[in-house]
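Working notes for the structure below.
Readers should treat all values here as calculations from the given coordinates under stated rules, not as data from a laboratory. Quick caveat: nothing in here was measured; it's all calculated off a predicted structure. Cβ: placed from backbone, ideal geometry, glycine included. Neighbour counts: every protein chain shown.
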Amino acid sequence: MARKRGPSSGQGTRRGLSIQVTDPTGALVQHSAAFLDRPTASVPSTILTRGRHHNILSAPSGAPAGESLHFAVYSILAEMCFGKDVVSELGEARLRGMHKFQRDILLALPSFWVFVKYPRIGKLLYPARWRQLLALRRQQEESFMPLVAEVRKRKACRDTTFTSYVESLLKLRVHEDGDRKVTDGELVSLISEFLGAGTESMASALEWTMANLVKHPELQRKLRLEVDAVTTRRDSIIEAADLSRMPYLKAVVLESLRRHPPVPFVLRHVEGQDADAAEALGPERFMPGGDGEGADLTCTRELRMMPFGAGRRICPGLAPAMLYLEYFVANLVREFEWWEADGEEVDLAEFHGSFFTVMDRPLRARLVPRDEAPAARPAT
Ligand code: HEM
């Protein structure tokens, strides 16, 4: 049975990360709007910035910041899907609109199971739901198809090696069906699946990882030491190339995926551990000498943990998901100290009322810019 707790809980409700920013002058994001809900003309492709913005000291924590972290993940996925230039031209307001209705769809999905259960008479039994389903689908078509047209138009004159998901779909031929192209309807479904599956799982994994770091400041300190050692210049962000030199960062992300696999229907299995040891949070298990050293997420060599599934249906988003998770976490920890917000103990209980394993109570954290952290550190 789904557990409900707190004012923002609800059946199937995806509650985002809530962040209490003590001083957004140190605001982290390259696309600061992604966190602080300010309009910006920039493309929200990466989340961390050194941008100095207006001081909104002690901004209250709340859903807008949480939604924005989710939106940052969505933005990256949208760029992978349509290409950076297309998303950039679309503009943030329209992208936010797409993000919102994707979440509406996710919330509404459980109520549409009746059409799977009663394929013949479902729409007669539940006409209002049927109309809602058709309206959501129409909305998807109206949002995605102009972007697909844009990708088609630009395809000819592009000189980059990057191939967006839509570009690759446009090249596809369905051999089993007369070697035809992918239809518009199929394109809409595939795009919806890409954005939906990718965003929810990645945002959930990120939220769990940050929650673990808030709950375990000693792990956070250790991670920050590693991150600082790799990039000594405080004004530079961690780049993708730096990530391979951060084994502890990877261990932290893996440990979070092991403890809270975002997609719950593929069970994990960690060999050689008793139940207590498997429950205790310990990224060290993935470091040299640990029993999880060299864990193979692709499950081709061994089947020890499988947050991305296994076999022929293994998650195709594994590689970008790991890359972006590490990238986000490294930069978020580099820029801020993450503390529990006043009176808000972090609760690591899981909520199972949706397709994804999300936090039962959304994470509320206090982000203190590194420059201010020593002065603001609470007495322990
Ligand atoms: C932390 C992030 C992610 C996790 C934990 C995750 C997990 C999973 C799992 C467990 C499966 C089922 C695999 C199986 O049945 O063996 C799956 C399938 C899938 N995932 Fe992910 N995923 C993540 C990110 C992504 C991303 C970023 C994308 C797309 C951009 C994506 C797209 C898909 C798709 C399309 C499938 C269906 C594959 C198939 O049935 O052949 N996922 N994912």
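Listing for the model above:
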quantity	calculated
Computed FRET value (nearest 0.05) for R94 with K155, which takes r as the C-beta separation and R₀ as 25 Å	0.75
Pair V174, W130: separation of 7 Å Cα→Cβ label points (nm)	2.4 nm
Cut-off 15 Å between beta-carbons: net charge of the residues surrounding K117, Lys and Arg +1, Asp and Glu -1	+3
Sequence-distant lysines (8 or more away, or on other chains) whose Cα lies within less than 28 Å of K215	K4, K250
Estimated inter-spin distance, A241 and I121, nm [label 7 Å along Cα→Cβ]	6.5 nm
Eligible lysines near K155 by straight Cα distance, threshold 21 Å, same-chain separation 8 or greater	K84, K171, K181
Cα-based shape type of segment 169-236, given that a ≥ b ≥ c are square roots of the gyration tensor eigenvalues and the cut on a/c is 1.5	prolate
Chain lengthening between V230 and H352 when straightened (0.36 nm per residue, less Cα-Cα)	40.2 nm
Of the chymotrypsin sites (Phe, Trp or Tyr not before Pro) in segment 136-189, those whose Cβ has at most 13 other Cβ within 10 Å and which sit in DSSP loop	F162
